[in-house]
1. State all residues of region 1-40 that are aliphatic (A, V, I, L, M), more than 14 Å from Ile112 (Cα to Cα) and in contact with a helix residue (DSSP H, G or I) (Cβ under 6 Å, 6 or more places away or on another chain); if no residue qualifies, say none.
2. Search region 65-82 for residues being among the hydrophobic types (A, V, I, L, M, F, W, C) and either within 16 Å of the chain's Cα centre (by Cα) or open to solvent by less than 50 Å² (accessible area, probe 1.4 Å) (or both), and hand back the single one that is farthest from His46 (Cα to Cα).
3. Considering Asn59, Asn101, which residue is modelled with pLDDT under 95, open to solvent by 20 Å² or more (accessible area, probe 1.4 Å) and within 16 Å of the chain's Cα centre (by Cα)?
4. Looking at Ser114, Ser140, which is the one that is over 24 Å from Ala15 (Cα atoms), modelled with pLDDT of 95 or more and either among the polar types (S, T, N, Q) or over 12 Å from the mean Cα position of the chain (by Cα) (or both)?
5. If I ask for residues that are among the charged types (D, E, K, R) and under 16 Å from Val124 (Cα atoms), which ones from region 41-77 would you list?
6. Would you check which residues across region 60-86 are touching a Gly at 6+ places or on another chain (Cβ under 9 Å) and in a helix (DSSP H, G or I) and list them?
7. Just to check your reading of the model, which residue among Ser33, Ser28 is assigned to a loop (DSSP other than H, G, I, E, B) and either under 18 Å from Leu126 (Cα atoms) or in contact with a strand residue (DSSP E or B) (Cβ under 8 Å, 6 or more places away or on another chain) (or both)?
8. Could you tell me which of the residues Leu85, Leu49 is touching a residue at least 60 places away in the same chain (Cβ under 8 Å), crowded, with 16+ Cβ neighbours inside 10 Å and not β-branched (Val, Ile, Thr)?
Amino acid sequence: MDKQITVGIADMKFARQEGTLITYALGSCIGISLYDPMIKLGALVHIMLPEVYGTGDGNIFKYADTGLNETFRKIEVLGARKPRLVAKIAGGAKMFELQGNSTLGNIGARNIVSVKQILKNAGVRLAAEDVGENYARTMSVDISTGAVKIRTYGRAEIVL
C-alpha cells in the first residue's frame, strides 16, 4: 500500500515516484495537480481564492496566483519543467445561492477563470478538468502515473 499524503485547505504538498496526494472538501476551492511525467514528480495545491488582495494574510497557498507561482518555484527546484507539466483541476463549485446575481457569491467561477489564466500564462498545459456544478469533491493524484481521481458523494468516481 503506497503512502497517502493529505493536502489541507490553502496547502500544497508534492511527492516523487510513488504515493498518493489527496485533498478533501473542494467546494468553491480548486485543487490543481501538476505532474512532470519524465521525472514522476507531482504536486497538489488546494486554493481558496483567485488572487491576493492587498498584502493577503501570509498564507500563499490560499490564493491561486501566489499559490501556483510558489508551487512552480518549488517543483522546478526539484527538476520539474513547465513545458512538461500536465495540469488537472477540480472544484470551483457554486456552493451557495445568494440573492440576486452576485459575482461575489460565485467565488468558484472566479477561481476557475483565475487558475486557467495563470496556467496559460505560465505555459502549462491544462489536460483535464472537473469543475463547476454545486457539489464538493475529493481529489487524489497517483504519483506513479499522474492519474487523478475525483470522488463525490453519491456519484461515480471520475478519472482525469
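The values are calculated or read from the model by the stated rules, or taken from the named source; none is laboratory data. All values derive from a computational prediction rather than experimental measurement. Because the Cβ atoms are built from the backbone with ideal geometry, glycine has one as well, and the counts that use them run over all protein chains shown. The area values use the complete protein model at the heavy-atom level, side chains included, leaving out ligands, DNA and RNA. Shrake-Rupley method; radii C 1.70, N 1.55, O 1.52, S 1.80 Å.
1. Ala10, Met12, Met38 - these are the residues of region 1-40 that are aliphatic (A, V, I, L, M), more than 14 Å from Ile112 (Cα to Cα) and in contact with a helix residue (DSSP H, G or I) (Cβ under 6 Å, 6 or more places away or on another chain).
2. To start, the set of residues in region 65-82 that are among the hydrophobic types (A, V, I, L, M, F, W, C) comprises 68, 72, 75, 77-78, 80.
Those still in the list that are either within 16 Å of the chain's Cα centre (by Cα) or open to solvent by less than 50 Å² (accessible area, probe 1.4 Å) (or both) too: 68, 72, 75, 80.
Working: Leu68: 10, Phe72: 14, Ile75: 16, Ala80: 19 Å.
Only one residue fits best here, namely Ala80.
3. Asn59
4. Of Ser114, Ser140, the one residue that is over 24 Å from Ala15 (Cα atoms), modelled with pLDDT of 95 or more and either among the polar types (S, T, N, Q) or over 12 Å from the mean Cα position of the chain (by Cα) (or both) is Ser114.
5. Within region 41-77, Asp65, Glu70, Arg73, Lys74, Glu76 meet the criteria.
6. Ile60, Phe61, Lys62, Thr66, Ile75, Lys82, Pro83
7. Ser28
8. Leu49
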